[in-house]
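Let me begin by presenting the structure, written as structure tokens, before commenting on it.
The values are calculated or read from the model by the stated rules, or taken from the named source; none is laboratory data. Only a predicted model underlies this, so the values are computations on that prediction, with no experimental measurement involved. Please note: Cβ atoms are built from the backbone with ideal geometry, for glycine as well, and neighbour counts cover all protein chains shown.
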Amino acid sequence: MTILRGVASWGAWAARGLAAGVLVGIIVGLTDSTLLHGVLWVGWLIGGAVALPMRQLLRVLFICRRSGVSFGVARAAVQVTTLWPYISWRSGHGQSEDEVRKARLERNPNLTEEDDHSWSDLARWGLYVVGLLPRRRTERFFDVPRLVSASATAAGMTLRVRRAKSGTTAEDVGSVESVQRFAQTLREVTGAWSLLLRSEVEGPHTVLRVLWSDPLQGSRPSFEPSGDQSPVRIGVDEFGSDVWWDPFEATHTAVQGMTRSGKSVQEYTRLSGLAGRTAVEVCGLDPTGVLLGPFVATGGRAAVPATAGESPMFAHFLDVLYSIVSEMDRRTMQLAADGKDKLGSGDFSADLPCLVVVLEEWPGIIRAAAAEDVTKERKPAERVGPKIEAGVARLLAEGAKSGIRVLLLGQRLSAKSLDTDSRSNFGVRHTLRVDNADAVGMLHDHASEWAPIVAVFEPGQGLIERPGLGQRRYRADFTSYDTYLRRVKESVAEHV
């Protein structure tokens with residue numbers, strides 16, 4: 001941006017001088033006027049007016065070349081930065097004219113009240129428009145927050161504004177009402193879709209995020225697996241920020257969504273992102289075999305119908321679950337022996353992998369296991385259904401510190417399939433399209449507010465809730481099943 005401002009400033013002054021010189025030369029050559037100073041002043045203004053479009057064009061072309069964005073995006077970005085004092089001034093910043101004048105005099109000790117009155121706001125704005133008053137001086141005259149830097153991408157634009165003494169976003173641009181006026185003015189001027197204001201944790205700035213369009217419209221392909229220990233990108237949120245899922249974060253994840261809501265596609269993205277990671281083992285229970293079937297070749301603890309053999313399927317599922325619980329107990333005992341309270345992200349390796357325990361269609365597993373108990377006429381002490389529920393409850397309550405990450409999936413996670421204690425252990429919660437407020441309320445607060453929004457989600461759109469981010473809408477990246485199979489099979493072939 002420093003180079004950009006230098007190029008724009010040089011181009012503007014050169015064009016102004018050329019235009020003014022040509023105009024004055026023509027006028028003086030035609031007539032011998034005593035109003036030479038007046039003519040020069042008019043010529044100077046005209047030169048500035050001519051230079052402004054040229055300066056803007058130079059800035060637009062520079063942004064296009066440097067960032068690779070389209071001409072339209074670059075033009076909108078230049079428009080925002082050029083009109084910044086006007087947008088801020090028009091928003092009002094929650095201050096009366098007298099308060100603005102008083103603050104201006106306090107900021108400029110050399111500016112007397114007479115001087116201030118002699119320069120009307122309209123005159124200052126006119127001089128700024130024709131390029132005769134630099135933006136920094138305009139910001140000072142209009143008592144608006146200083147625009148420190150701006151960067152544009154194809155998705156939106158980030159403005160960095162110097163923060164007020166109080167350090168809060170509301171104080172940066174005035175009251176809550178003036179924040180709303182500020183956002184509305186920016187939308188009107190730029191045609192932007194939305195505006196996000198947030199204060200940085202460090203530094204004297206407030207960051208304003210401008211989005212050109214709704215980031216939840218359309219879909220984008222998922223990343224190819226990297227094989228390293230970085231988080232997996234699973235989508236984009238309503239503010240245009242990427243949504244990441246970190247298997248090494250000590251928390252469990254719950255996902256619910258009706259048929260055709262895009263839940264399976266989202267999990268193809270999540271699990272294929274883990275393919276090829278030697279420090280992660282994907283395991284769990286899948287009564288369909290669609291999701292975990294590709295991971296069976298890794299030789300891990302993945303239970304699908306094909307691995308049951310001659311055994312009753314859910315009795316086999318219980319054996320696999322018990323092996324995961326036993327590994328959790330072994331790790332817990334080792335932690336105590338090592339004098340540690342938990343496993344961190346740096347502790348995982350091929351010899352001690354993070355276990356991502358996938359429970360596909362969890363409500364269906366419970367119902368089918370109970371049905372198998374009835375069919376096999378098992379006695380109460382032999383029934384596998386309650387034992388599977390108890391084992392999963394232990395993983396949720398005790399597993400996070402031992403490197404166990406439960407990923408529980410279902411069309412609707414009702415109270416019958418998930419008790420209150422188990423539900424409280426899910427730090428990350430996804431809800432794709434479901435049909436009523438009760439379903440939303442199983443995982444999220446404010447269900448009555450979200451229910452009509454969730455009910456009309458398009459496939460792939462969802463509501464996510466996680467610590468530190470609250471609740472927000474998002475769209476999952478797209479991964480076809482063929483792509484999912486290819487990614488997992490290729491990674492298995494490399495590491496088996």
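Values as computed for the structure displayed
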| item | result |
| --- | --- |
| The one condition in (1) within 19 Å of ARG260 (Cα to Cα); (2) touching a Ser or Thr at 6+ places or on another chain (Cβ under 9 Å); (3) surrounded by fewer than 24 Cβ atoms within 10 Å (Cβ to Cβ) that VAL440 fails to fulfil | (3) |
| Options ARG394, ARG383, ARG405, ARG331: the member that is under 30 Å from ASP435 (Cα atoms) and either of a type in the set (D, E, K, R) or surrounded by 21 or more Cβ atoms within 10 Å (Cβ to Cβ) (or both) | ARG405 |
| Some residue of the range 199-222 being crowded, with 21+ Cβ neighbours inside 10 Å and modelled with pLDDT under 75 | yes |
| Criterion: touching a strand residue (DSSP E or B) at 6+ places or on another chain (Cβ under 9 Å) and in contact (Cβ under 8 Å) with a residue 40 or more places away in the chain - qualifying residue of LEU408, LEU463, LEU485, LEU469 | LEU408 |
| Number of positions in the range 241-251 that are buried (at least 21 other Cβ atoms within 10 Å of the Cβ) and either outside any strand (DSSP E or B) or touching a Leu at 6+ places or on another chain (Cβ under 6 Å) (or both) | 1 |
| Test: residue in the range 341-350 that is of a type outside the set (Gly, Ala, Ser) and under 16 Å from ASP228 (Cα atoms) | yes |
| LYS401 being assigned to a helix (DSSP H, G or I), more than 26 Å from the chain's Cα centre (by Cα) and either assigned by TED's automatic domain parsing to the domain that holds ASP347 or not β-branched (Val, Ile, Thr) (or both) | yes |
| Condition broken by ALA337, with the remaining ones in (1) within 23 Å of TYR484 (Cβ to Cβ); (2) without any contact (Cβ under 8 Å) to a residue 24 or more places away in the chain satisfied | (1) |
| Flag for THR332 being assigned to a helix (DSSP H, G or I), among the polar types (S, T, N, Q) and in contact with a Lys or Arg (Cβ under 8 Å, 6 or more places away or on another chain) | yes |
| Residue that is within 30 Å of SER345 (Cβ to Cβ) and of a type in the set (Gly, Ala, Ser), where the choices are GLY441, GLY470 | GLY470 |
| Residues satisfying the stated conditions in the range 210-249, i.e. acidic (Asp, Glu) and touching a strand residue (DSSP E or B) at 6+ places or on another chain (Cβ under 6 Å) | ASP237, GLU238, ASP242 |
| The listed residue being of a type in the set (Ser, Thr, Tyr) and in a helix (DSSP H, G or I), out of TYR474, TYR484 | TYR484 |
| Conditions (1) surrounded by 16 or more Cβ atoms within 10 Å (Cβ to Cβ); (2) over 33 Å from the mean Cα position of the chain (by Cα); number of the one not met by ALA297 | (1) |
| Residue check for ASP421: within 24 Å of GLY364 (Cα to Cα), free of Cβ contacts under 8 Å to residues at least 40 places away in the same chain and in a helix (DSSP H, G or I) | yes |
| Residues of the range 368-380 that turn out to be surrounded by 11 or more Cβ atoms within 10 Å (Cβ to Cβ) and in a loop (DSSP other than H, G, I, E, B), as a count | 2 |
| For ALA297: the one exception among (1) at pLDDT below 95; (2) in contact with a Phe, Trp or Tyr (Cβ under 8 Å, 6 or more places away or on another chain) | (2) |
| Meets criteria (over 19 Å from VAL280 (Cβ atoms) and in a helix (DSSP H, G or I)) for ALA297 | no |
| The listed residue being assigned by TED's automatic domain parsing to the domain that holds LEU413, β-branched (Val, Ile, Thr) and closer than 14 Å to VAL428 by Cβ, out of THR259, THR251, THR288 | THR251 |
| In the range 226-278, residue modelled with the lowest pLDDT [restricted to those that are within 22 Å of ARG486 (Cβ to Cβ) and hydrophobic (A, V, I, L, M, F, W, C)] | ALA275 |
| Residue identified as of a type outside the set (S, T, N, Q) and in a loop (DSSP other than H, G, I, E, B) among GLY427, GLY468 | GLY468 |
| Sole exception among (1) closer than 30 Å to GLU458 by Cα; (2) outside any strand (DSSP E or B); (3) modelled with pLDDT under 70 for ARG181, by number | (1) |
